[in-house]
Amino acid sequence: MPTALEIVSPERLLLSRAVDMVVIPAAEGELGVLPGHASMIVLLRGGLLRIFEGPQETSRMFVAGGFAEITPERCTVLADEVMPLAEVSKSAAERRINEAEAAYEAVDKADIAARDATLDQLQSARAMLAVAEAP
């Protein structure tokens, strides 16, 4: 019995299909979701989302952050931004890192929420660069 996977960005529904497993970049680390998984809602960090059909990895996408809702029957990824690996570029990732570092330097460090938001952007940009540089 497969898991129903939906990947949604702010603009549109990107994917809706049954998969055997999806590995998501949860804030606490990579999380494999199989049929019958315990229900939970997790925060996503920037990283690689991997889709499996049987034992084969069939799709990979970069996720810039968001949330995932997991039930025993489905996994819904509500992503801040999602892009196929073919669209991830080293130059774009480096530009995002520079922008995030500048934003972090400019933020009021006493404003914990703003500081944490800029750190999340920086982490996501660094994860994008790692994905872009991976073989």
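The values are calculated or read from the model by the stated rules, or taken from the named source; none is laboratory data. As the structure is a prediction and not an experimental result, all values here were calculated from the model. Note that each Cβ is placed from the backbone with ideal geometry, even for glycine, and that neighbours are counted across all protein chains shown. We work out accessible area using only protein heavy atoms, side chains counted, and drop any ligands, DNA or RNA first. Shrake-Rupley method; radii C 1.70, N 1.55, O 1.52, S 1.80 Å.
What does the helix-only formula give at 222 nm for the chain: each DSSP H stretch with n ≥ 4 adding -39500 (n - 2.57), the total divided by the residues, and the result rounded to the nearest 500 deg cm²/dmol? Calculated mean residue ellipticity at 222 nm is -10000 deg cm²/dmol. Computed over Cα pairs, the Kirkwood radius of region 88-133 leads via Stokes-Einstein (1.567 mPa s, 4 °C) to a diffusion coefficient of 123 µm² per second. The longest stretch of the chain left intact once loop-based trypsin sites (Lys or Arg not before Pro) with at most 13 other Cβ atoms within 10 Å are removed from consideration, loops following DSSP, is 13-108. Remark: the Cα gyration tensor places region 41-106 in the oblate category, a/c being 1.5 or greater and a/b not exceeding b/c. Ordering ILE97, ALA114, LEU5 by Cα displacement along the dipole of the chain toward the positive end leaves LEU5 in first place; charges were set at the Cβ atoms of Lys, Arg (+1) and Asp, Glu (-1). The Rg/Rh ratio of the chain, with Rg taken over Cα atoms and Rh as the Kirkwood radius over Cα pairs, comes to 1.01.
Averaging the Cα positions of each part gives two centres, and for region 36-63 and region 105-135 these lie 21 Å apart. Scanning the chain for GluC sites (Glu not before Pro) lying in DSSP loops with no more than 14 further Cβ atoms inside 10 Å, the longest uninterrupted stretch between such sites is 74-135. Mind pulling the angle between the C-alpha long axis of helix 90-106 and the longest principal axis of the chain? Nearest 10 degrees, somewhere in 0 to 90. Relative to the chain, helix 90-106 is tipped by roughly 50 degrees. Over the chain, accessible surface divided per residue gives 54 Å², non-protein components excluded, 1.4 Å probe.
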